[in-house]
Every structure is written in structure tokens, then in C-alpha cells.
Amino acid sequence: MSKYLNSTLSKVSADKLASHTPSAPAPSHLPDSMISSVRLLPENERLILFTRHSLRERSDGNGFASYQLPLTPKGRVLAKSWGRWLAGHLPYSLDVDSISSPIKRCIDTAQLMQEGAGIKRDITHQSLLVEPGSLVTEPEIANPIFKEIGVLNFINRFLQGNLEGTKNAYQGGLDLLSLFYQHQPQHGHLMLAVSHDTLLSAFLAVMFDVEEIDWNDWPKMMEGVFLWFDDKPFDQANAHFIWRGQVYTRPISSLLNGYRAAGYHPSKLLLPPGVQWT
């Protein structure tokens, strides 16, 4: 998706960031992009890892992954070893509460990553990290469409504003950004936010300001985006993020302006308390 950069999204030069070159091998089955991203992490930010859950059992016969599918044994080992690796190789503490989709494979991923990091913290279930939540508002309308056209077409129609029973794409992205902004850890800490491929793919497309993605853009299991904000009010802050070994900056004001230009009212947004955006 990096080829779609526009005036509201910019790459950040690597020389502005601390370079981490871990010597230990990555955990087995971890997507290669995660170590490329780790090498670009900044120093002493309020860091969030918004990640897809670990390896799960295969989808059922119709190709759709029900919420009942658990992590595989390899997925459990991966989540725990990834948490151990992060705690042992980053200048960040993972000793903070996590947030997660209420679906068991996501909760298990967060719990196992905490165990690997040698900590035991609360894992708060967040409705915005599952569907219906960030994208879908009327599942009785959206779910039959999802089953008919498949997940990739579903996300692309959501991004293009051509899907009944869902939020505006800017609203979905802003609601997630607001959630992360309100759950920022202290400086020098890393918070886990565990969710699903659909939400992560849609969120990244909104951040990249694209209306169509393909399977090459689709997040793998245990793949995630590192995210942090400027120390400014939400509507004035930049959202910085690292995805697949590239660092980007997106002004939140550009998302707010895009939402307003689409003709939607600010009252629908789940903005942080105290933000008076009109």
C-alpha cells in the first residue's frame, strides 16, 4: 500500500528513528515484516502494537473463519515466544494492561504474549476490536452481504462507501484511533491491542487513504502495526505507524476533514473526552 502515498500521509526517514538490530532469531512462524518493523521503532514513545491474533485453526468448509476457531498449538507457542522476544529485545516494557477483541483466540493471544513477557496484567475486552464494532453497525444487513461476496470484496466495498449496515470508512478509522489514543501507555511502554484481520486491514487502508486493497495487503496471523501519537490533543496530533518495515505519519486532522467532507456529523464519532471538534 506504500505506493498510494499522498499529501496527507508521509514516510518518515529512518535516520530520525532509533535503530534496533536484534541479534536473536525471530520466533518460528512470525511474519518477516515484524522484525523489519522492530528495527525502526523510536525511543521512549507511548507505543501500541495493534496486531492480528496468532495462528488459528483452519476456516470451515465455506472459507469463513468463525469466532469459535481456537489457536493452534503452534499459534500458542508463537504468541508466547513473540511476547518473550519483544520483552527481551526492545527498550520498552510490556508491563501494562492489554486490550483485546472479546473472541477467545484474541484473548488467548494477549494472555500468552503476556506470559512470554513474564507479566500478568488485565486484558480488557473492547467491542471496537471485533465485529460488529468498528466497521459493522447493522449485522443483520451486513452479514448476509459478507457471506455472499467474501471478505476482501466486503472490505473494499466498505472502503468505497458502498456497503449497507456499516460505518463510513473515516469513522471506522477514527473510532479505532480514538480508542488507542485513550489507552496509550506511559512513555517507554508497549501496549498490546489484539484483533482480527478484517479490522486491521480496513484500519490500514483508511490510514493509507486507499479505497481498494488486494490479498498482498492482507495482514497475516500475528502480523501487526506499531503505532504512537504526538503528545498533543487528539485532533491536533499526528498518528505515526510502522507497517511492514516502513514508517509513516498521518495527521489526524486529515481524517477528521475527510469525514466532514463526506457529509457526516461529528457527533457520530467516538472522540476522546474533551475534544470539541466541530
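The values are calculated or read from the model by the stated rules, or taken from the named source; none is laboratory data. It should be emphasised that the depicted structure is a prediction, and the values quoted were computed from it without experimental measurement. Heads up, the Cβs are rebuilt from the backbone with ideal geometry, glycines too, and the neighbour counts pull from every protein chain shown. Heads up: the accessible areas ignore ligands, DNA and RNA and are worked out on the full protein's heavy atoms, side chains in. Shrake-Rupley method; radii C 1.70, N 1.55, O 1.52, S 1.80 Å.
Here are some notes:
- About its Cα centre, segment 97-144 has a charge dipole of approximately 220 debye under the convention of +1 per Lys or Arg Cβ and -1 per Asp or Glu Cβ, with nothing else charged.
- Sorted on the mean count of surrounding Cβ atoms within 10 Å across their residues, most packed first, peptides 104-112, 177-185, 221-229 read 104-112, 221-229, 177-185.
- For His187 and Ala24, the FRET efficiency from 1/(1 + (r/R0)^6), where r spans their Cβ atoms and R0 equals 25 Å, is about 0.50.
- Projecting the Cα positions of Ser93, Leu199, Ile103 onto the charge dipole of the chain (unit charges on Cβ atoms of Lys, Arg, Asp and Glu, taken about the Cα centre) puts Ser93 furthest along the positive direction.
- Partners for Lys167 among aspartates and glutamates (Cα-Cα distance below 19 Å; same-chain residues under 8 apart left out): Glu131, Glu138, Glu140, Asp175, Asp197, Asp209, Glu211, Glu212
- Relative to the current alpha-carbon distance between Glu138 and Ser10, full extension at 0.36 nm per residue lengthens the span by 42.6 nm.
- Karplus (6.51, -1.76, 1.60) ³J(HN,Hα), θ = phi - 60°, over segment 121-132, in Hz, Gly and Pro reported as x: 10, 5, 10, 7, 7, 10, 5, 6, 9, 8, 10, x
- Whole-percent carbon and sulfur share, accessible surface of the chain, 1.4 Å: 47
- Using the Cβ-Cβ distance between Asn44 and Asn257 with R0 set to 45 Å, the FRET efficiency from 1/(1 + (r/R0)^6) comes to roughly 0.90.
- Test item: Cα-centred dipole of the chain, Lys/Arg +1 and Asp/Glu -1 on Cβ, debye: 500
- Exceeding the 31 Å Cα-Cα cut-off - candidates Lys74/Lys268; Lys11/Lys74; Lys147/Lys268: Lys74/Lys268; Lys11/Lys74
- Given charges at Cβ of Lys, Arg, Asp, Glu: the chain dipole, positive-most of Leu163, Pro139, Gln126: Gln126
- Added length on full extension, which subtracts the Cα-Cα distance from 0.36 nm per residue, Lys220 to Lys74: 51.1 nm
- For the chain, accessible area per residue (1.4 Å probe, heavy atoms of protein chains only), Å²: 44
- Förster-model FRET efficiency, 22 Å R0, Glu148 and Ser66, C-beta, rounded to 0.05: 0.85
- Averaging the Cα positions of each part gives two centres, and for segment 84-126 and segment 240-270 these lie 27 Å apart.
- Given their separation in residues at 0.36 nm each and the Cα-Cα distance between them, Asp95 and Arg121 gain 8.6 nm when the chain is fully extended.
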